1. State, to one decimal in nm, how far the label point of Tyr33 lies from the label point of Asn16, with both points 7 Å from Cα in the Cβ direction.
2. When all C-alpha to C-alpha distances in the chain are sorted into bins of 10 Å, what percent of pairs does each bin hold, rounded to whole numbers?
3. Report the paramagnetic label zone for Lys138: residues of segment 72-111 whose backbone N is under 11 Å from a point 7 Å from Cα along the Cα-to-Cβ axis.
4. Of Ile72, Ile12, Tyr122, whose Cα points farthest to the positive end of the dipole of segment 2-142 (charges on the beta-carbon: +1 Lys, Arg; -1 Asp, Glu; origin at the Cα centre)?
5. How many nm separate the modelled label positions at Leu41 and Ile72, each set 7 Å beyond the Cα in the direction of the Cβ?
6. Scanning the chain for helices, which whole DSSP H stretches are 15 Å or more long along the axis (Cα) and average -1.0 or more by Kyte-Doolittle?
7. Within a 10 angstrom radius of the beta carbon, how do Phe28, Phe20 rank from fewest other beta carbons to most?
8. Under 19 Å from the 7 Å Cα→Cβ point of Asn54, by amide nitrogen: which residues of segment 89-121?
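FYI, it's all coordinate maths here, none of it is from the lab. These figures come from a predicted structure and were not determined experimentally. Cβ placement follows ideal geometry from the backbone for every residue including glycine, while neighbour counts extend to all protein chains displayed.
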Amino acid sequence: MMFLFRYTKLTIINLNFFFFTKNNNKEFKKHFYYFKNEAALRIYHEIKKEIIINSEGFRHRAIYFIHENLKINKDFLYKNYINSLPKIDILIYIRSNKRLNIFRSKKRKKGFKYNLEEIKIYKNKENIIKKITKETKKNIFFN
């Protein structure tokens, strides 16, 4: 509940998306679950005034959100969404090779593995990552 008050705009945008988008697939439900957990984790650490290192967090989750919204609306204002995300002090972006990433994921016993659909949209999501990185960099250095 505290997350709602502290990050009202982000919460409303996400809840609107998750409750009013007509999508019931497993991936969609998984990302709603992630949003709830990220929100709880974020508030907990803000209350405790702890410094955390999060390998994924809201910016990683934003890839899915932005991609799905751009499929629905090509004019989706992704910058507004990125700017509503909780502020961070540092963002590490590691550029990696597509073929190597796919190869490594195939060797995993557990965790994320690229399927045919993910391979098809790889470039789109890579472009979204670059947009998130660029917009976040502006907020870190100029605010």
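1. Roughly 2.7 nm, to one decimal.
2. The calculated distribution, bin by bin, is 9, 38, 38, 14, 0.
3. 78-83
4. Result: Tyr122.
5. Using points 7 Å along Cα→Cβ, the separation is 2.5 nm.
6. Within the chain the helices that satisfy the rule are 8-20, 57-72.
7. Phe20, Phe28
8. Only 89-94 pass the distance filter.
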